[in-house]
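Each value in this text was obtained by applying a stated rule to the coordinates, not by laboratory testing. None of these values were measured; they are calculated from a predicted model.
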Amino acid sequence: MKVFITSIVMLLPSIALASMPAFPMAFWGTVSIDGSLAPAGSIVRVYDGVTEVGKITVQETGVYGYTEPTKQKLVVGEAQGTLTFTIQTTSVNAGIETQGLTLISHPSFESGETINKNLAFTTSVVANNQPSSSGGGGGGGKPKVKEVPVSSLVLGTSTSTSSSSQPLSKDELRITLQKQLIILLTQLISLLQLQMKI
C-alpha cells in the first residue's frame, strides 16, 4: 500500500503537466487598410484554418496591439497550423470581414511568444493603364489609374451568423466551404482577367 501511494504521489506532477494547456502567444503592431491607418473600432481576427483563435478591437487609430506588457495585444490561445489575419471595419467592404487581396499570415503557433507584426491589408487593386506606344508624338501627363472596388475582389468571408443557433452539420459546413471556394476562384479569375487587360 505504501508503494502504491508513493507511486501515485510521484506521478501527480507529470499528470498535471501533461494536462496543462500551452501558454498563449500574442501579436502587436500597426494595422492599415489600403495605405491608411485602420480606424478605431476595426476588428482584427486571426484564424487557424477556418477556426477563429483570436480577436481584438482597435482602440487607437492604426494600432491593434502594444509592446507594453500591461496593454492590449491580439492573444492566440492555441493553434495547430498557419495563422491568417482578417480585418473588419465599416469603411471597407460594407463592413464584411476580409483577408484582403494578399493573405497576411504567420507560419505557426509559438507558445509564450509575443510577436511584433504590422498588418497592411490591401482591399483594392490600383492598375496603371499605360498609353499605347504605337501612336506618334504625344505622351506625358499622368497614367490613367483604374481602381477596382473591394466588393468585386474580396477574398475573405462574411462573419455574419445564421439566424438559427444550431451549429452547422459536417455536410452543411462542407457545402459552405465549397461555396466559399467557388467565390474565391471566381474572384481570382476576375483578377487575372483584369491583369491581362492592363
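Quick notes
- In plain terms, the chain from residue 180 to residue 40 could stretch by 47.5 nm, reckoned as 0.36 nm per residue minus the Cα-Cα distance.
- Karplus (6.51, -1.76, 1.60) ³J(HN,Hα), θ = phi - 60°, over the stretch 99-113, in Hz, Gly and Pro reported as x: 8, x, 7, 10, 5, 9, 9, 10, x, 6, 6, 10, 3, x, 7
- Sequentially through the stretch 44-57, phi angles give Karplus couplings (6.51, -1.76, 1.60; θ = phi - 60°) of 9, 10, 10, 10, 10, x, 9, 9, 5, 10, x, 7, 8, 9 Hz, Gly and Pro residues having no value and appearing as x.
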